[in-house]
1. My understanding is that a pair violates if its Cα-Cα distance is over 24 Å; which of 80/126; 7/162; 80/162 do that in this structure?
2. Carbon and sulfur: what percent of segment 112-269's accessible surface (1.4 Å probe)?
3. For residue 194, what accessible surface area do you get with a 1.4 Å probe? Give it in Å², rounded to 10.
4. To the nearest Å, what is the center-to-center distance of segment 129-158 and segment 1-26, using C-alpha atoms only?
5. Would you tell me the accessible area of residue 197, worked out with a 1.4 angstrom probe on the heavy atoms of the protein chains, in Å² to the nearest 10?
6. With n ≥ 4 as the cut-off for DSSP H runs, can you work out [θ] at 222 nm for the chain, using -39500 (n - 2.57) per run divided by the number of residues, rounded to the nearest 500?
7. Could you tell me which GluC sites (Glu not before Pro) in segment 62-122 are loop residues by DSSP with no more than 16 other beta carbons within 10 angstrom of their beta carbon?
8. Calculate, for segment 132-269, the solvent-accessible area per residue in square angstrom, rolling a 1.4 angstrom probe over the heavy atoms of the protein chains.
Amino acid sequence: MTRLAGKVALVTGAVRGIGRAICERFLDNGATVFLADIDAEEGGALAEHLGARATFLHLNVCDEDQWQAVIAQVERLAGKLDILVNNAGITGLAEHSGPQDPENTTLEEWCHVHRINLDGLFLGCKHAIRSMKKTGGGSIVNMSSRSGLVGIPAAVAYASSKAAILNHTRSVALYCAGQNYNIRCNAVAPAAIMTPIWDAMLGRDGNRDARVAQIERGIPLGHMGTPEDVAGAVLYLASDEAAYMTGTELHVDGGILAGAAAAPQGSVE
């Protein structure tokens, strides 16, 4: 398949889950892919496993100097940047032992989640725009969540950051269109996708399957999604097939937002 033939892509949070699936799908469709992640050991091993068109670049998305260095390296090695996928993010549930509700979340925890999920994405958009406009345009795909569209009482920082991502996506899209940069910016909003991000909520004890079954009863399609389900939506938005789409989002949620019976208590992507 060659839907991204000749394209150069940079994917953040590339080592696991949805990020890895996106990299694999892009490579299968002919792209040159730069895997950006804070985990250098696992990232380097994954790039070697994926083959010659995959290159790992260490990136802490909170660090603007590192963003500039990474994009400069992409330009030096590949000559351009066509696609940026801002996928890196955390829920805060695994990273902090305390509650993540509106009453008890600490300011430090709130800021930490926003720093990675939102500030990191802002920096990615900023420096991708500056790169892409030099070579005729490109596509930015931001990873939001169903949690950015509904309240999540048990993960307020995560939900807030994902909501802000949707609005920043629209602002970037309108700005680039207004500047005639030929840069599109869209978002994907997954929900109930089985990735390691769920481990903190599902646990690994004998009741894990029962917890999964309870969640799946609230999904109209009756089952949780896979990272590959999300990768397909990202591929579409990144490709020229979505040339007339900017400032919008695709929902990959098994029909949850269409009207599931279950209330979103603590569940996220």
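1. Details: 80/126 16 Å; 7/162 27 Å; 80/162 28 Å.
The pairs that break the limit, which is 24 Å between Cα atoms, are 7/162; 80/162.
2. The C+S portion of the solvent-accessible surface of segment 112-269 is 53 percent.
3. Estimated to the nearest 10 Å², residue 194 gives 60 Å².
4. Value for the Cα centre distance between the two parts: 16 Å.
5. Approximately 40 Å² for this residue.
6. Details: 10 runs with 111 residues, N = 269.
About -12500 deg cm²/dmol.
7. Those that pass, being in a loop and sparsely packed, are 95, 103.
8. Here the residues of segment 132-269 average 43 Å² of exposed surface.
The values are calculated or read from the model by the stated rules, or taken from the named source; none is laboratory data. This is a predicted model, so every value here is computed, not measured. Methodologically, a virtual Cβ is constructed for each residue, glycine included, from the backbone with ideal geometry; neighbour enumeration extends over all protein chains shown. Protein only, heavy atoms only, side chains kept; ligands, DNA and RNA dropped before computing areas. Shrake-Rupley method; radii C 1.70, N 1.55, O 1.52, S 1.80 Å.
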